[in-house]
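The values are calculated or read from the model by the stated rules, or taken from the named source; none is laboratory data. Every value quoted in this text rests on a predicted model; they were computed, and no experiment measured them. Here the Cβ is made from the backbone with ideal geometry for all residues, glycine too, and neighbour counts use every protein chain on show. When the accessible area is computed, the model is the full protein with side chains, heavy atoms only, and any ligands, DNA or RNA have been set aside. Shrake-Rupley method; radii C 1.70, N 1.55, O 1.52, S 1.80 Å.
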Amino acid sequence: MTLLNPLERSQMHNYIFLNADNIFLRPLEIKDITDEYLRGINNQELDNYTEHAQLPKNIYKLKEYAENKWKSSDIWLGIFLKEDEKHIGNIELSEIDFIHRKARFSIILWAEQKKGYGFQASRALIDFAFRKLNLNRIDLGVNEDNTPAINLYKKLGFQSEGVLREAFLRNDKKKNIIVMHTGPINRGIEIEGSVADGSNSVILEQVTNGIAVRMAVLFLVAQAQETIG
């Protein structure tokens with residue numbers, strides 16, 4: 001690992017887009033397209049439930065992908081440790097629709113997993129999307145066997161709303177893709193973020209259950225109206 005000198009660190013921090021406890025997010029640059037990044041993207045052991053290593057990539061393909069991202073309207077950010085500026089993954093909002101106020105979320109970590117960095121990065125970007133971009137809906141798709149990712153998304157307030165049946169094929173086994181979505185929580189307005197995201201908090205679970213109850217009530221009302229009609 002190459003340590004940055006104080007000037008480089010200072011310049012790096014000028015590009016920070018979003019801050020979290022132990023990590024920060026910033027737009028990726030051509031200098032970030034490194035061999036370490038390439039190894040992470042091609043790592044077969046990290047690609048059990050996704051498709052990022054389904055086809056081999058070289059540094060030229062990675063740069064081409066990055067250039068296409070830069071030309072798009074997607075918000076594509078690198079996840080970096082504050083401690084040493086290590087690039088540990090990427091996170092993005094794609095298919096952003098400002099008319100219908102929605103977007104699609106994705107995240108990949110190829111280093112420093114299971115340390116809470118994915119949650120910190122996701123919460124920072126999702127809060128930004130709702131508070132600054134005024135989005136109303138963020139959705140994603142996740143392999144039904146990817147339990148760590150599903151747990152992360154539930155912790156962030158995502159809830160399941162449907163299934164793409166047999167949409168993922170790996171090792172001759174067909175797997176479903178769970179479609180999940182979340183809406184805004186006004187952290188700092190309706191409730192403090194530390195309370196909503198606390199280890200003992202059941203607020204996100206209550207939000208999820210509340211939506212399910214409302215859907216059930218609407219279904220019963222609709223049935224009653226059909227019977228009366």
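Condition check: on the phi < 0 side of the Ramachandran plot, basic (Lys, Arg) and open to solvent by less than 40 Å² (accessible area, probe 1.4 Å). Does LYS69 satisfy that?
yes
Given the options LYS63, LYS57, LYS82, name the one that is in contact with an Asp or Glu (Cβ under 9 Å, 6 or more places away or on another chain), more than 16 Å from ILE107 (Cα to Cα) and either in contact (Cβ under 8 Å) with a residue 12 or more places away in the chain or aromatic (Phe, Trp, Tyr) (or both).
When all the criteria are applied, what remains is LYS82.
Can you confirm whether ILE99 is modelled with pLDDT of 95 or more, open to solvent by 20 Å² or more (accessible area, probe 1.4 Å) and either within 17 Å of LEU18 (Cα to Cα) or in a loop (DSSP other than H, G, I, E, B) (or both)?
yes
Just need a number here: residues in segment 145-175 that are closer than 14 Å to GLU51 by Cα, of a type in the set (S, T, N, Q) and open to solvent by 30 Å² or more (accessible area, probe 1.4 Å).
Residues in segment 145-175 being closer than 14 Å to GLU51 by Cα, of a type in the set (S, T, N, Q) and open to solvent by 30 Å² or more (accessible area, probe 1.4 Å): 1 in total.
If you check every pair at least six apart or on different chains, which have Cβ atoms under 9 Å apart with a residue in segment 161-173 that is within 15 Å of ASN146 (Cα to Cα) first and a residue that is among the aromatic types (Phe, Trp, Tyr) second?
Here the result reads PHE168/TYR49; ARG170/TYR49, each pair linking segment 161-173 to a residue that is among the aromatic types (Phe, Trp, Tyr).
Applying the selection to segment 75-96, what residues are among the β-branched types (Val, Ile, Thr) and either in contact with a His (Cβ under 9 Å, 6 or more places away or on another chain) or open to solvent by less than 20 Å² (accessible area, probe 1.4 Å) (or both)?
Across segment 75-96, the qualifying residues are ILE79, ILE88, ILE91.
For a quick check of your reading of the model, give me the residue pairs whose first member lies in segment 129-146 and is closer than 12 Å to PHE98 by Cα and without any contact (Cβ under 8 Å) to a residue 12 or more places away in the chain, whose second is among the aromatic types (Phe, Trp, Tyr) and open to solvent by 70 Å² or more (accessible area, probe 1.4 Å), with beta-carbon atoms closer than 6 Å and at least 6 apart or on different chains.
none
Please determine, by comparing only the residues of segment 15-48 that are charged (D, E, K, R) and open to solvent by 90 Å² or more (accessible area, probe 1.4 Å), which one is nearest to ALA66 (Cα to Cα).
LYS31
Scan segment 111-144 for residues that are open to solvent by less than 30 Å² (accessible area, probe 1.4 Å), assigned to a loop (DSSP other than H, G, I, E, B) and closer than 24 Å to GLY40 by Cα and jot them down.
Once the filter is applied, which keeps residues that are open to solvent by less than 30 Å² (accessible area, probe 1.4 Å), assigned to a loop (DSSP other than H, G, I, E, B) and closer than 24 Å to GLY40 by Cα, segment 111-144 yields only ALA111.
Of (1) in a loop (DSSP other than H, G, I, E, B); (2) modelled with pLDDT of 95 or more, GLU92 satisfies all except one. Which?
Condition not satisfied by GLU92: (1).
Identify, by number, the condition in (1) under 14 Å from ILE108 (Cβ atoms); (2) among the charged types (D, E, K, R); (3) surrounded by 12 or more Cβ atoms within 10 Å (Cβ to Cβ) that GLU51 doesn't meet.
The one condition GLU51 does not meet is (3).
For segment 64-81, how many residues are farther than 24 Å from GLU112 by Cβ and part of a helix (DSSP H, G or I)?
Residues flagged as farther than 24 Å from GLU112 by Cβ and part of a helix (DSSP H, G or I) within segment 64-81 amount to 5.
Of the residues that sit in segment 46-78 and are among the aliphatic types (A, V, I, L, M) and closer than 24 Å to PHE24 by Cα, which one is modelled with the lowest pLDDT?
Step by step, filter segment 46-78, then rank; the result is LEU46.
Just give me the residues in segment 49-81 being of a type in the set (Asp, Glu) and over 15 Å from the mean Cα position of the chain (by Cα), in sequence order.
Hits for segment 49-81 are GLU51, GLU64, GLU67.
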